Amino acid sequence: MFKLEKSFYSKTSMYSFFTILILFLSMWVSTAQFLHIDMALLGYMIGSAVFAIGLVIRMSFWLFRTATNKIATRSVKNMFAKERLKRNAKSLGITLIDNILLQKFIFKRGLYRGIQHIMISWGCIISFAFTFGLTFGWFRFDLVDPETYQMVAFNIPLISMAANGWIAEIFYNMLNIGAVMVLIGVSMAMYRRFKDYDVKVTQRFEFDLLPLYILLAVTVTGLALTVSYKFLDGWMHPYISLIHQITVIIMLMYFPFGKLFHVPIRPLATAVPMSYQETLMVDTKTCKSCAQPYSNDDQIADVQAILKAQSFDLQLADGTYLSDYCPSCRRRMRALKQMNMEAPQGNPYGPVNTNNGIHISGFGKKRSDEYFGIDEDIKKDLKEEKDHEPISR
Amino acid sequence: MNKIMYLEFERCIGCRACQAACRECGDHDAKERNYVEYVDFTESRQTFPMLCMQCKDPACARVCPANAIQITEEGVVLSAMEEKCIGCRNCTFGCPFGIPKFDFEKNKMYKCDMCYDRTREDIAPMCASVCPSDAIRFIDFDEMQQLRRRRTQMNLVEGKKPQEGNKWDYVPEFFGVYTDSQS
Ligand code: SF4
Ligand code: SF4
């Protein structure tokens with residue numbers, strides 16, 4: 001593997017190369033050695049290839065991030081662990097159905113947003129599947145006899161249907177259905193973006209609005225195509241088709257680099273129930289200070305490893321890390337440190353000593369040395385500094 | 001933005017006005033993002049307010065596998081981007097100060113963003129604008145320096161003598177987002 005890697009400019013370019021290779025081979029197989037290739041879709045084909053490369057580059061960069069890499073490696077390792085098989089299947093199933101198919105968590109953020117998102121996402125998925133399928137020739141429709149169409153996927157004949165039956169009708173209109181869904185969703189999203197003051201707080205034009213405009217352009221030109229040949233006798237059809245092609249290619253180019261990139265990274269959500277919950281939905285790691293459960297060992301180990309790999313020094317004097325404490329204890333520790341109220345001796349997690357040693361009860365007692373002097377180690381540091389005076393002085 | 005959040009924990013009287021105000025802020029969805037907690041309930045009723053430090057190099061963003069935590073050009077560390085956050089809670093454990101909160105229902109993280117829509121325009125965040133005892137303040141850099149000097153003097157009056165090695169223990173919390181060029 002390492003050797004293979006060395007023969008490429010970088011890992012990313014290696015992955016890109018193999019992606020294109022696989023795409024090419026899949027085309028070769030499914031179009032019967034390019035016999036059935038649809039040259040009218042050449043523009044889309046090139047656009048899709050660039051899209052694939054862009055996606056691979058972005059995915060690789062994302063997976064090389066320390067944090068992403070840690071959780072991804074752990075999940076892959078857990079995925080194939082025998083004793084976790086049942087649990088994994090369950091997590092995968094739940095995430096797939098609840099989060100990706102039904103998108104329940106978005107509906108919990110609001111019914112409006114739920115409908116809006118499910119429209120856009122499913123509209124896009126349908127359209128993408130259909131477009132890619134046709135451009136790469138993964139499936140096609142052959143006319144076997146004047147009355148029957150046959151669907152051929154990867155060069156394997158599948159179902160046949162009557163040329164004007166309802167199944168065929170659905171297939172003809174698949175892209176239109178997708179487009180209408182996206183159109184509804186995008187209009188809802190745009191209305192929300194323009195009307196809702198709350199979303200404007202962090203909204204950015206190039207990130208939040210631009211993708212909506214691009215999607216709008218794609219769907220409107222796509223639907224205009226249908227309108228043109230169905231109702232207007234193909235009026236302006238070549239021009240609209242060219243404009244549509246351009247908008248689609250712009251979208252494909254934009255996809256890996258903008259907001260839409262959240263789609264391919266979403267499946268990482270399975271990693272959460274799969275790797276970060278020893279018992280589903282139950283915390284098992286307890287806080288070092290208050291002994292309340294707040295997380296689980298695997299996750300804290302990962303967090304510490306990620307922080308360490310990026311040179312965050314969050315270790316305390318006693319060897320524990322700040323992430324070994326529950327968030328509430330961490331906040332308290334910060335406040336105590338700030339107010340100079342940490343328990344000076346003994347059990348650092350014990351009750352705080354609010355007798356500060358300054359306001360002393362009675363004359364016979366003396367203030368503790370520690371409030372006038374300097375700590376031993378600081379004394380040593382200071383002396384050392386004297387010994388080695390900086391050269392510049 | 002050239003202002004600084006200045007916290008003096010001792011001034012907190014535990015009225016929780018800041019939390020009520022936080023809930024009202026735009027985009028906060030009626031959930032508070034700051035904390036008012038007891039220093040040690042068994043010892044006294046002293047409370048302290050707690051907000052996000054808006055770190056320059058935030059640990060929360062570094063541990064996020066989805067790259068969902070963005071930093072604005074002013075330096076404000078925002079809540080998770082809703083479309084990216086996968087709900088792993090790494091950020092809540094990575095943050096050295098225990099700041100990010102997690103909404104299990106909506107499956108996303110939310111945290112103090114210094115009321116970005118306000119501070120962006122140099123208006124004090126909700127918490128600072130309501131705090132009756134000035135435990136949370138939103139002030140100029142110079143004013144902060146002055147307050148810190150006075151604080152050091154007070155420490156001397158009280159008999160605490162900061163030394164070279166530990167003088168930083170004697171200045172109150174301050175943090176904020178400000179452009180270096182202007183300060
Ligand atoms: S909970 Fe969301 S914001 Fe926090 S680390 Fe996980 S993905 Fe990132
Ligand atoms: S949440 Fe924590 S780590 Fe992130 S910016 Fe705030 S204080 Fe820093």
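No value in this document is a laboratory result; all are computed from the given coordinates. Keep in mind that this is a model prediction, so the values were computed, not measured. Counting neighbours? That spans all protein chains shown, and the Cβs are built from the backbone with ideal geometry, glycine included.
For chain A, the longest principal axis of the Cα atoms and the long axis of helix A:11-30 meet at an angle of about 20 degrees. Rg ratio for the stretch B:52-111: its Cα radius of gyration over 2.2 N^0.38 Å, N being its residue count, equals 0.98.
The angle between the Cα long axis of helix A:111-135 and the main principal axis of chain A comes to about 50°, on a 0 to 90 degree scale. Note on A:Glu376/A:Gln315: beta-carbon distance plugged into 1/(1 + (r/R0)^6) with R0 of 22 Å gives a FRET efficiency of 0.60.
Provide the FRET efficiency to the nearest 0.05 for the A:Phe141-A:Glu83 pair, computing r from the beta carbons and using R0 = 56 Å. With a Förster radius of 56 Å, E is 0.75.
Sequentially through the stretch A:232-247, phi angles give Karplus couplings (6.51, -1.76, 1.60; θ = phi - 60°) of 10, 6, x, 4, 6, 3, x, 5, 4, 5, 5, 4, 4, 4, 4, 4 Hz, Gly and Pro residues having no value and appearing as x. Extension gain for A:Leu242 to A:Glu5 (0.36 nm times residue separation, less C-alpha to C-alpha distance): 81.3 nm.
Using a cut-off of 31 Å between Cα atoms, the listed pairs A:Lys6/A:Lys70; A:Lys200/A:Lys288; A:Lys104/B:Lys101; A:Lys86/B:Lys56; A:Lys3/A:Lys86 include A:Lys200/A:Lys288; A:Lys86/B:Lys56; A:Lys3/A:Lys86 as exceeding that distance. The percentage of C-alpha pairs in chain A whose separation is greater than 35 Å is 51%.
Of interest is the spacing of the C-alpha centroids, which for the stretch B:117-154 and the stretch A:28-73 amounts to 52 Å. Residues A:Glu206, B:Glu37, ranked from the fewest to the most other C-beta atoms within 10 Å, line up as A:Glu206, B:Glu37. If only the Cβ of Lys and Arg carry +1 and only the Cβ of Asp and Glu carry -1, the dipole of the stretch B:52-111 around its Cα centre is close to 200 debye. Applying a threshold of 32 Å to the alpha-carbon distances of A:Lys108/A:Lys337; A:Lys195/A:Lys259; A:Lys82/A:Lys308; A:Lys90/A:Lys195; A:Lys195/B:Lys106 flags A:Lys108/A:Lys337; A:Lys90/A:Lys195 as lying beyond it. The local environment of A:Phe61, defined by Cβ-Cβ distances under 15 Å, has a net charge of +4 under the rule Lys, Arg +1 and Asp, Glu -1.
The calculated FRET efficiency for the pair A:Leu111 and A:Met190, based on their C-beta separation and a Förster distance of 22 Å, comes to about 0.80. Annotation: amide H of A:Tyr321 within the under-5 Å range of A:Leu316, sequence separation 5 or more or interchain, hydrogens built in the peptide plane. Students often get this wrong: which residues of the stretch A:251-271 have the backbone nitrogen under 15 Å from the point 7 angstrom along Cα-to-C-beta of A:Ile100? Answer for the stretch A:251-271: A:262-271.
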